[in-house]
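Peer 1: Take a look at this one; I'll ask things after.
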Amino acid sequence: MSTERPRIVIAGGGLAGLSLSLALKQALGDAIEVAMCDPALKRDPHGDKRAYAIAASARRMLETLHIWDAVADKAQPIRDMVITDSRLQDPVRPTFLTFAGEVEEGEPFAHMVAGGDLTAALVESCRNAGVALMPTSVETFSAHPGGIDVVTNGGGITLRACLLVAADGARSRLREQAGISWISWPYRQSAIVATILHARDHEGRAVEHFLPAGPFAILPLKPETLPDGRIQHRSSIVWTERSEEVPHLLDAHTEDLLDELERRFGLQLGELSFETKPQAFPLSFGVARRFTAERLALLGDAAHVIHPIAGQGLNLGLHDAAALAEIVVEALRLGRDPGSADVLDDYERARRADITAMGLMTDGLNRLFSNDALPVRLVRDLGLGLVDRMPGLKKFFIREAAGLAGGTAPRLLRGEAL
């Protein structure tokens, strides 16, 4: 390697890219330059009103990066989870499976966190750590044996680096420029996402109703105290619906949309209203045939997109960041080139099996539970009931959801510094 200080450029300022930037700078300090390029860095980071499920392993990573303290008082632990399976018109929605919410005593398997709060904390920590935050996009790049030349859009600045990380989303232009093919298919479903206000306390319970059109998830959010002292109870919903029905729903009068929401949400939490305007996102499956190219690594949605049925999309991206950070840090400490083919092969091997398994699982679950055929419903409900009576299997599933089951997780996900 050159005696010059190595530079890594990260294209895309989402949560996975920010976490990778911070992990690298905290581990290596002035021994490395990290530049993050994203036009969204011009905007207020609190603008993301979506809520995310942060698994226990990802929370351990954020604690190790000294981020969790900044969001902990706004994070809602998921204390238990209830799963039902029914048709929309069924008068009773029976519970087939329940999960306790702890992977270890006192450690919830997941927390719900506002995306804006987490983004703001990561941006501030990256700035303080010395990450170069550049509010511009990467236009193109040219890899060569000695490094990679990265050309930005604003002003045509060229950054010479040893590695470019493409964290620019599911429609990654950098992935296309690298010639990495994308395997994908649409689900003909869309996810309607919103924050809901309700009259009664959710008590930290997450609920997933499996309905013929797709899963309807109710995810607890931290209550807010109003100026007059009243408590405002809140939940996030991920309402999966057939794509052809979504325009009609979103164009409906608010009262009509609330009626449809109530049919799925139920009456257990009292009167409902919208805190945020519902937004719809088309759902699909996608995975890159390779996660690396010459001096380039894919991260997060640029590498994989899965169905939200298990709430693991962001957690997979944070797992990517933890794995890549560990591999790059170890390579630099050993004097290896972090953009070399053998180092990037380590990243490919570290992530391929996990991503493939999670993609197949979420795809299979969605196809299974969106099928309204009576024999299929009977078999799956029998299966849910059997799992509910097997504590050992339930514990395995909850650890899987927490990102703590099987294999050796990257050190950051185990709560260990690099």
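Peer 1: Here are P247, P227, P220: which of them is more than 28 Å from R377 (Cα to Cα), modelled with pLDDT of 95 or more and not small (G, A, S)?
Peer 2: Of P247, P227, P220, the one residue that is more than 28 Å from R377 (Cα to Cα), modelled with pLDDT of 95 or more and not small (G, A, S) is P247.
Peer 1: Consider region 359-418. How many of its residues are in contact (Cβ under 8 Å) with a residue 24 or more places away in the chain, of a type in the set (D, E, K, R) and under 15 Å from G311 (Cα atoms)?
Peer 2: Final tally of qualifying residues: 2.
Here is a yes/no grid of residues against (1) part of a helix (DSSP H, G or I); (2) in contact with a strand residue (DSSP E or B) (Cβ under 9 Å, 6 or more places away or on another chain); (3) of a type outside the set (A, V, I, L, M, F, W, C):
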| site | (1), (2), (3) |
| --- | --- |
| D301 | yes, yes, yes |
| L316 | yes, yes, no |
| D320 | yes, yes, yes |
| A323 | yes, no, no |
| L332 | yes, no, no |
| P338 | no, yes, yes |
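Peer 1: Which pairs turn up if I take residues in region 240-256 that are under 18 Å from H307 (Cα atoms) and look for partners that are part of a helix (DSSP H, G or I) with beta carbon separation below 9 Å, at least 6 apart in sequence or on another chain?
Peer 2: Here the result reads T240/P308; T240/I309; T240/N366; E241/L249, each pair linking region 240-256 to a residue that is part of a helix (DSSP H, G or I).
Peer 1: Residues of region 99-115 being surrounded by 17 or more Cβ atoms within 10 Å (Cβ to Cβ) and not aromatic (F, W, Y), which ones?
Peer 2: If the condition is that a residue be surrounded by 17 or more Cβ atoms within 10 Å (Cβ to Cβ) and not aromatic (F, W, Y), then G101, E102, V103, P108, A110, H111, M112, V113, A114, G115 are the ones that fit.
Peer 1: Restricting attention to region 170-181, does a residue exist that is of a type in the set (A, V, I, L, M), in a strand (DSSP E or B), more than 11 Å from A11 (Cβ to Cβ) and assigned by TED's automatic domain parsing to the domain that holds R289? Write out each step before concluding.
Peer 2: Start the filter on region 170-181 by keeping residues that are of a type in the set (A, V, I, L, M), which leaves 170, 174, 178, 180.
Next, only the ones that are in a strand (DSSP E or B) stay: none.
The answer is no; no qualifying residue exists.
Peer 1: When region 138-159 is examined, which residues are found to be over 18 Å from G179 (Cα atoms) and under 30 Å from the mean Cα position of the chain (by Cα)?
Peer 2: T152, N153, G154, L159
Peer 1: So, in region 154-167, how many residues would count as being within 22 Å of G300 (Cα to Cα) and out of contact with any Lys or Arg (no Cβ under 8 Å at 6 or more places or on another chain)?
Peer 2: Qualifying residue count for the region: 2.
Peer 1: Of all residues in region 149-160, how many are part of a strand (DSSP E or B) and either farther than 22 Å from Q26 by Cα or among the polar types (S, T, N, Q) (or both)?
Peer 2: 5
Peer 1: Restricting the search to region 96-112, which residues are within 21 Å of the chain's Cα centre (by Cα), among the acidic types (D, E) and modelled with pLDDT under 90?
Peer 2: The one that is within 21 Å of the chain's Cα centre (by Cα), among the acidic types (D, E) and modelled with pLDDT under 90: E102.
The values are calculated or read from the model by the stated rules, or taken from the named source; none is laboratory data. Remember, predicted model here, so these are calculated numbers, not experimental data. Here the Cβ is made from the backbone with ideal geometry for all residues, glycine too, and neighbour counts use every protein chain on show.
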